[in-house]
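This report refers to the structure that appears directly beneath it.
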Amino acid sequence: MKIYTWNDILAILNGESSAEFPKTGLSTGCFDGLHKGHRKLLSALIEACRSKGLSAGVVTFSRPLPGIKHSSDYKGDITTLNQRLKLFEDLGIDFVIIVDFDDSFACMMGADYLNILLNVCNMELLAEGIDFRCGFKGATDAQAIRYWAEKNNVETIFVDPVYFREGTDEEERISSSYIRTMLSRGFFTTAQELLERPFELDVAAFKRDSNCSQLLPPDGLYRTENEKGELVRLEIKDGKIVGLPDCNSVKFI
């Protein structure tokens, strides 16, 4: 899987790089956790790209946007960037473009963003959730995207949200924010169902940076499993890991 930065894309746009993209299909999002809803969307993207001979790509952010825009009440990232990249690759994504969200990106008009994907990334297909918005203050919604796509001969796929029901008749929309709430309460079984895998702490990331932005479960002693399948006792106290274990990651099983 190839990895690009948004600066790489701008360098191509400005004639400072001779790199070229094949014909592509793209999806943009934070994809924190890569839960069932994300998987439905990206599976639709990959399937459509494979049938049309396109390269399947994702535009994502170095940090999930809620952690940047609502940092005061943000619980933490479900997955680190390295974890997300590995999950993208496992799904079959061909390339990822990583954006460091800043003022210049935030102020970009939606049509300008889509035009860059069209002209630099040779985008022929765009797959998004039905409530996806882009551009300055999220002004470019699905209707506006469809209008732009028709004018530019870009095929669009819009995927409906995925819901689940747990113990009641009420349905809950699967979202990264809901999974963060479940993890912050220690509800690992629910999180595992929605992520389709156990919640995993990126221990290597905490070793590199003690202020790693990945979400930690509530204080307590936990029975976890490292990447070798060995049992690891993990203690979280005062919102910190007590004594980082000698491994790269642990799963809450």
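Over the chain, DSSP H runs of length four or greater, each weighted -39,500 (n - 2.57), average out per residue to a 222 nm ellipticity of -10000 deg cm²/dmol.
Determine the order of T189, T5, T181 by accessible area, beginning with the largest, at a probe radius of 1.4 Å. Kindly include the intermediate steps, with their values, before the conclusion.
Values: T189 115, T5 60, T181 30 Å².
Of T189, T5, T181, the descending order of accessible area is T189, T5, T181.
Post the alpha-carbon centroid distance, the range 165-223 to the range 29-85, in whole angstrom. Answer, in whole Å: 16.
For the range 209-253, the pair-distance distribution built from all alpha carbon pairs, in bins 5 Å wide starting at 0, is 5, 22, 33, 27, 11, 1 percent. For I97, the amide hydrogen comes within under 5 Å of the amide hydrogens of Y4, V58, V59, T60, counting only partners 5 or more places away or on other chains and with H modelled in the peptide plane. The label-point distance for R233 and F136, in a model that sets each label 7 Å from Cα toward Cβ, rounds to 5.8 nm. Residues considered: K36, K86, K69. Largest GNM mean-square fluctuation over the chain, using C-alpha springs under 10 Å, is found at K69.
For the listed peptides 115-122, 11-18, 139-146, a ranking on the average number of other beta carbons within 10 Å per residue, highest first, reads 115-122, 139-146, 11-18. For I157, the amide hydrogen comes within under 5 Å of the amide hydrogens of L126, A127, E128, counting only partners 5 or more places away or on other chains and with H modelled in the peptide plane.
Could you check what % of the DSSP bridge pairs in the chain are antiparallel, to the nearest 5? In the chain, DSSP labels about 45 percent of beta bridges as antiparallel.
Of all lysines in the structure, those lying under 30 Å Cα to Cα from K52, and not within fewer than 8 positions of it along the same chain, are K2, K23, K36, K40, K86, K151.
Build a GNM of the chain with springs between Cα atoms under 10 Å apart, and of D73, D160, D169 the one that fluctuates most is D169. In a solvent-free Debye calculation with one equal scatterer on each Cα, what is log10 I(q)/I(0) for the range 103-235 at q = 0.09, 0.13, 0.18 Å⁻¹, listed in the order of the q values? One equal scatterer on each Cα of the range 103-235 leads to -0.46, -0.83, -1.02. The HN-Hα couplings worked out from phi for the range 212-227 by the Karplus form 6.51 cos²θ - 1.76 cosθ + 1.60 (θ = phi - 60°) are 3, 7, 5, 5, 10, x, x, 3, x, 9, 10, 9, 10, 10, 7, 5 Hz, whole numbers, x standing for Gly and Pro. For the range 57-139, the gyration tensor built on C-alpha atoms gives an oblate shape. Its axis ratio a/c (a ≥ b ≥ c) is at least 1.5, and a/b is not larger than b/c.
Counting pairwise Cα distances across the range 1-154, what percent come out greater than 29 angstrom? So the pairs more than 29 Å apart make up 11 percent of the total in the range 1-154. The value given for the range 10-87 is a Kirkwood hydrodynamic radius of 14.4 Å, derived from the mean inverse Cα-Cα separation.
The values are calculated or read from the model by the stated rules, or taken from the named source; none is laboratory data. Bear in mind the structure is a predicted one, so any value in this text is a computation, not a measurement. Cβ coordinates were reconstructed from backbone atoms using ideal geometry, including for glycine residues, and neighbour counts include every protein chain displayed. Surface accessibility is based on the protein's heavy atoms, side chains included, excluding ligands, DNA and RNA. Shrake-Rupley method; radii C 1.70, N 1.55, O 1.52, S 1.80 Å.
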